[in-house]
Amino acid sequence: MLAQPETEDIQLVKVLHALGDPARLHLLRIYASGQQYDCSSERLGLGHLHKSTVSHHMRTMREAGLTSTRVVGRNRYVQLRRADLDARFPGLLDALLHSVEGEDLLGAGGGGA
């Protein structure tokens with residue numbers, strides 16, 4: 001696992017700052033399924049972004065405590081820290097996900113972030 005804050009060290013201001021970008025809100029919706037995802041920008045719906053930009057978004061989310069990243073060889077698998085976030089900030093994820101439900105966060109044609 002890559003470095004991430006302990007549950008009790010996750011700060012609300014860092015979580016909200018991390019989610020202040022449309023691409024990261026898009027990732028939050030994807031990760032909310034509870035599955036692990038590889039870092040393929042195409043499969044994540046971020047194919048319009050450069051690989052280093054997608055990596056930056058993933059690192060920002062991990063460092064804020066939103067996700068955990070498991071390393072297997074050269075591959076990375078990302079998963080939402082749902083239980084940790086629900087324990088730390090009850091109802092926050094549900095409220096955030098509900099507020100962006102149905103929105104086109106990346107803009108028409110996917111060119112928004």
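Scanning segment 1-38 for residues that are closer than 21 Å to residue 101 by Cα and loosely packed, with under 12 Cβ neighbours inside 10 Å yields 20, 33, 34, 35.
Remark: residue 56 falls outside the filter, which requires a residue to be surrounded by 13 or more Cβ atoms within 10 Å (Cβ to Cβ), part of a helix (DSSP H, G or I), touching a helix residue (DSSP H, G or I) at 6+ places or on another chain (Cβ under 8 Å) and of a type outside the set (A, V, I, L, M, F, W, C). For residue 65, state whether it is surrounded by 15 or more Cβ atoms within 10 Å (Cβ to Cβ), at pLDDT below 95 and small (Gly, Ala, Ser). No: the conditions fail for residue 65.
Taking segment 68-89 as the range and being loosely packed, with under 12 Cβ neighbours inside 10 Å and closer than 13 Å to residue 7 by Cβ as the test, only 83 passes.
Evaluated against (1) open to solvent by 70 Å² or more (accessible area, probe 1.4 Å); (2) closer than 20 Å to residue 104 by Cα; (3) over 11 Å from the mean Cα position of the chain (by Cα), residue 41 falls short on exactly one condition, (1).
The values are calculated or read from the model by the stated rules, or taken from the named source; none is laboratory data. These figures come from a predicted structure and were not determined experimentally. Backbone-built Cβ (ideal geometry, glycine too); neighbour counts: all protein chains shown. The accessibility values were calculated without ligands, DNA or RNA, using every heavy atom of the protein model including side chains. Shrake-Rupley method; radii C 1.70, N 1.55, O 1.52, S 1.80 Å.
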